[in-house]
Amino acid sequence: DTSLAEVNSFSPSMPISPSSMINQYKLEDEPELRDLFITVDDPESHITAIETFITYRVVTKTSRGEFDSSEYEVRRRYQDFLWLKSKLEEAHPTLIIPPLPEKFIMKGMVERFSDEFIETRRKALHKFLNRIADHPTLTFNEDFKIFLTAQAWELSSHKKQGPGLLSRMGQTVRAVASSVRGGVKNRPEMFTEMNDYMETFSQKINVLDKIAHRIYKEEREYFNEMKEYGPIHTLWSASEEDIADSLKGVASCIDKCCKATEKRMAGLSENLLPILHEYVLYSEILMGVLKRRDQIQGELDSKVDALANKKTEKDLFSEEIGKLEDKVECANNALKADWDRWKQNMQCDMRSTFTNVAENNLHYYEECLATWESFLASQTVDLHVEEDSEDKP
Amino acid sequence: MEDCLAKKMEITVSEAEKRTGRNAMNMQETYTAYLIETRAVESQSEGQCAPVDSLWRRYSEFELLRNYLSVTYPHIVVPPLPEKRADFVWHKLSADNMDPDFVERRRIGLENFLLRVASHPVLCQDKIFYSFLTQEAGWKEMVNETGFQLKADSRLKALNATFRVKNPDKRFTELKHYSDELQSVISHLLRVRARVADRLYGVYKVHGNYGRVFSEWSAIEKEMGDGLQSAGHHMDVYAASIDDILEEEEHYADQLKEYLFYAEALRAVCRKHELMQYDLEMAAQDLTSKKQQCEELATGTVRTFSLKGMTSKLFGQETPEQREAKIKILEEQIQEGEEQLKSKNLESRDFVKSAWADIERFKEQKNHDLKEALISYAVMQISMCKK
């Protein structure tokens, strides 16, 4: 059902850069323990009569027994990722499912199919699949396996199975209904704490995201002005004789610092900005997970209340209530475990990202320092030579 | 350079003070007065300190002094004053003349001006300059009594008026061209520098926003708390450091500005020469035409077409007496003219010689100063990186 008409491959091959390869492994568990390696690359554009869309190549290498083969290569589009995410949420309502890149970035002048947008999305999709692969529970999810291995037609037929749209809507309605009633009343202390934490965290991470983008913008403007600054000195050196060399030296120093600034900016956009953005999305997801837990609790609570009112049909109710109690306990435990895990990862990610930014800054200043110091050395050597030659009779 | 005033006397502009007074139109105004302190160097021996003389001057008096020097020594590249109004500002710098930072930088600039004049081999010997430093009362009247304003050629005020000089001195033309280039390149540089400073300021200050967020975030974290706290603290320090950095850079900008204005002074010397040359050529032309007229009258031939020739053809020739009288007048004029031309030629040659000497001196000074400035800029960049 994919390309009926031309398959138009427009992008130059975008191999994954070495640094992001390392990031892939840095995600969490040591490489030796991993048995599932996934890469997302090679975006291709497809034009049909109805629409234009992009597919990405998903390559999976695994040593797991439950996989029939050890290598798979499939093509997936954004819709497919959305489907996977919703299936995972359905199956594990109180697990923290990793964030997907947004559908369409409204801010900025990013065109829907611009190279920059596609590359950012590709990296995020790559992260998404790898985070799932690293998750102790989600990694064994059946839909996940199908996503990684099925051919296009297989996937679309599999998608059509499962609870229909109407029943899914029914679930949502019930969930909304029970959320109105609560689940907050009997909420264990731990989850209230989590909620408070997430509210503050969400606030802070959003502000950080904004600040980081602002800094990137300011650095870009600084870079643009600096580009003009160096050449003026070269222009000046053309009218001078004695100080021409010094002026040219200053010009080259400024240009070198300019390049260093470019590197610094690239570091920001490759590392800090995507991570902060990911955690902005994570904070939304976590709030959602906490709500769902509350809903499940709410179902139980409302049934318990109903029992208190209806003195009859105790047996029926108690069986239902027993089931719901189990459900709540499972949900709570799953969430607690996943929460701890998420927290750890978050700290690890933050630490490594900020350290990376700090290192980049250090390199930047070291480079600029070296440039100016060597200029200074060359100038003072000249000065001494001049002084010596002046002393000579 | 041994008899330079600078060697004999310590000169400083040590303070600035806001004053209110009444101006020429009897309106109240606020202005800044600067304290000039001088102390003789020679009489200093071990432990014995010479007494300090001091007086107050305001910017307009400095301007008067400089105008006097420019007119009185047209062949000298007279050191420039610091800018009258703040120019090439970036957004944090105030363009207000009363702003303390501006006043401080102007104080340094005025001191620099006095030191430059005092170390100039010719200018330092000027009596008006000396009294500027030592005599508070009655100085203005003294300057005006020299009548220098009459000498000032109003034609020079028209900055872009060109005088069509038939035989321009190539060296001066090149020099004028150079001074134009220097002016244009330095002002371009200062403009871009101001923009760069603005942007750099922005980058640093936004980092400051991190400080608060990190510190607030650290409150909800247990394990990462300390790390975040110290990161936040460093961000604050980082953001604050830009103020000092840019203040130092302002000093560098001032050094460049001095040479921007020096370029103007250089150009002025070239124009004065141009004017002189023009006058010379005009005088020579005038002389030639008078000589021709004389000859025509004497020989009775009309060589060139002239109104005189026409009228004499139409209305008859003049009487011999008239002609004699005319010839006599012309001959006198011619003699005057020849003397004038001679003296002008001499003047011009002197001008060129002394101007050229000063220009060479200026060039050396400029090269030395600019090189030092560039070096100190590098040093500043280095210290900024080290921070």
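The values are calculated or read from the model by the stated rules, or taken from the named source; none is laboratory data. None of the values given here were measured: they were computed from a predicted structure. All Cβ positions, even for glycine, are placed from backbone atoms using ideal geometry, and neighbour counts span all protein chains on display. What goes into the accessible areas is simple: the full protein's heavy atoms, side chains included, and nothing from ligands, DNA or RNA. Shrake-Rupley method; radii C 1.70, N 1.55, O 1.52, S 1.80 Å.
Can you say whether A:G288 is open to solvent by 20 Å² or more (accessible area, probe 1.4 Å) and either modelled with pLDDT of 80 or more or not in a helix (DSSP H, G or I) (or both), as far as the supplied structure shows?
In short, yes.
Taking A:Y216 as meeting all but one of (1) open to solvent by 80 Å² or more (accessible area, probe 1.4 Å); (2) more than 8 Å from chain B (Cβ to nearest Cβ), write down the number of the exception.
For A:Y216, the failing item is (1).
Going by the conditions given, is B:E223 under 17 Å from A:I211 (Cβ atoms), surrounded by fewer than 17 Cβ atoms within 10 Å (Cβ to Cβ) and within 7 Å of chain A (Cβ to nearest Cβ)? Before the answer, list the steps.
Numbers: under 17 Å from A:I211 (Cβ atoms): no; surrounded by fewer than 17 Cβ atoms within 10 Å (Cβ to Cβ): yes; within 7 Å of chain A (Cβ to nearest Cβ): yes.
Answer is no for this residue.
So that you can scan it fast, the table gives a plain yes or no per residue for (1) in a helix (DSSP H, G or I); (2) surrounded by 16 or more Cβ atoms within 10 Å (Cβ to Cβ); (3) within 14 Å of chain B (Cβ to nearest Cβ):
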residue	(1), (2), (3)
A:I296	yes, yes, no
A:D301	yes, yes, no
A:C330	yes, no, no
A:S352	yes, no, yes
A:T355	yes, no, yes
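Counting only residues that are open to solvent by less than 20 Å² (accessible area, probe 1.4 Å) and outside any helix (DSSP H, G or I), which one in the range A:229-263 is nearest to the other protein chains (Cβ to nearest Cβ)?
Step by step, filter the range A:229-263, then rank; the result is A:I243.
Within the range A:306-322, is even one residue more than 24 Å from A:H213 (Cα to Cα), touching a Leu at 6+ places or on another chain (Cβ under 6 Å) and either open to solvent by 10 Å² or more (accessible area, probe 1.4 Å) or not assigned by the TED database to the domain that holds A:R220 (or both)? Don't jump to the end; show me each part of the working.
So in the range A:306-322, the residues more than 24 Å from A:H213 (Cα to Cα) come out as A:306-322.
Right, trim to touching a Leu at 6+ places or on another chain (Cβ under 6 Å) and you get A:317.
Then drop every residue that is not either open to solvent by 10 Å² or more (accessible area, probe 1.4 Å) or not assigned by the TED database to the domain that holds A:R220 (or both), which leaves A:317.
Yes: the range A:306-322 contains one or more residues that are more than 24 Å from A:H213 (Cα to Cα), touching a Leu at 6+ places or on another chain (Cβ under 6 Å) and either open to solvent by 10 Å² or more (accessible area, probe 1.4 Å) or not assigned by the TED database to the domain that holds A:R220 (or both).
Taking the range B:164-186 on its own, how many of its residues are hydroxyl-bearing (S, T, Y) and surrounded by fewer than 16 Cβ atoms within 10 Å (Cβ to Cβ)?
Of the residues in the range B:164-186, 2 are hydroxyl-bearing (S, T, Y) and surrounded by fewer than 16 Cβ atoms within 10 Å (Cβ to Cβ).
So which residues in the range B:330-380 are within 23 Å of the chain's Cα centre (by Cα) and among the small types (G, A, S), if there are any at all?
Selection gives B:S348, B:S354, B:A355, B:A357, B:A373.
May I ask you to say which residue of A:M226, A:M198 is farther than 23 Å from B:E216 by Cβ, within 10 Å of chain B (Cβ to nearest Cβ), part of a helix (DSSP H, G or I) and in contact (Cβ under 8 Å) with a residue 12 or more places away in the chain?
Just a single option satisfies the conditions, and that option is A:M226.
If you check B:V192 against the conditions, is it at the interface with chain A (Cβ under 8 Å from one of its Cβ atoms) and without any contact (Cβ under 8 Å) to a residue 24 or more places away in the chain?
Criteria met by B:V192.
Quick one: count up the residues across the range A:264-285 that are hydroxyl-bearing (S, T, Y) and either surrounded by fewer than 18 Cβ atoms within 10 Å (Cβ to Cβ) or farther than 24 Å from A:P99 by Cβ (or both).
Residues in the range A:264-285 being hydroxyl-bearing (S, T, Y) and either surrounded by fewer than 18 Cβ atoms within 10 Å (Cβ to Cβ) or farther than 24 Å from A:P99 by Cβ (or both): 1 in total.
Looking at (1) open to solvent by 30 Å² or more (accessible area, probe 1.4 Å); (2) within 48 Å of the chain's Cα centre (by Cα); (3) modelled with pLDDT under 80, can you tell me which one B:Y238 breaks?
(3)
So which residues in the range B:226-235 are open to solvent by 80 Å² or more (accessible area, probe 1.4 Å) and in contact with a Gly (Cβ under 9 Å, 6 or more places away or on another chain), if there are any at all?
B:H233, B:H234
Just to be sure before I move on: is A:Q379 at pLDDT below 85 and either in contact with a Lys or Arg (Cβ under 9 Å, 6 or more places away or on another chain) or open to solvent by 70 Å² or more (accessible area, probe 1.4 Å) (or both) in the structure I sent?
yes
Just a yes or no: is a residue in the range B:37-48 charged (D, E, K, R), modelled with pLDDT of 75 or more and more than 23 Å from B:S187 (Cα to Cα)? Don't jump to the end; show me each part of the working.
Just the residues of the range B:37-48 that are charged (D, E, K, R), to begin with: B:37, B:39, B:42, B:46.
Going one step further and asking which of them are modelled with pLDDT of 75 or more, we end up with B:37, B:39.
Now drop any that are not more than 23 Å from B:S187 (Cα to Cα), which leaves B:37, B:39.
Yes - at least one qualifying residue is present in the range B:37-48.
For (1) within 23 Å of the chain's Cα centre (by Cα); (2) away from chain A (no Cβ under 12 Å); (3) open to solvent by 40 Å² or more (accessible area, probe 1.4 Å), each residue gets a yes or a no:
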site: B:G202; (1), (2), (3): no, no, no
site: B:Y210; (1), (2), (3): no, no, no
site: B:E247; (1), (2), (3): no, yes, yes
site: B:Y252; (1), (2), (3): yes, no, no
site: B:Q285; (1), (2), (3): no, yes, yes
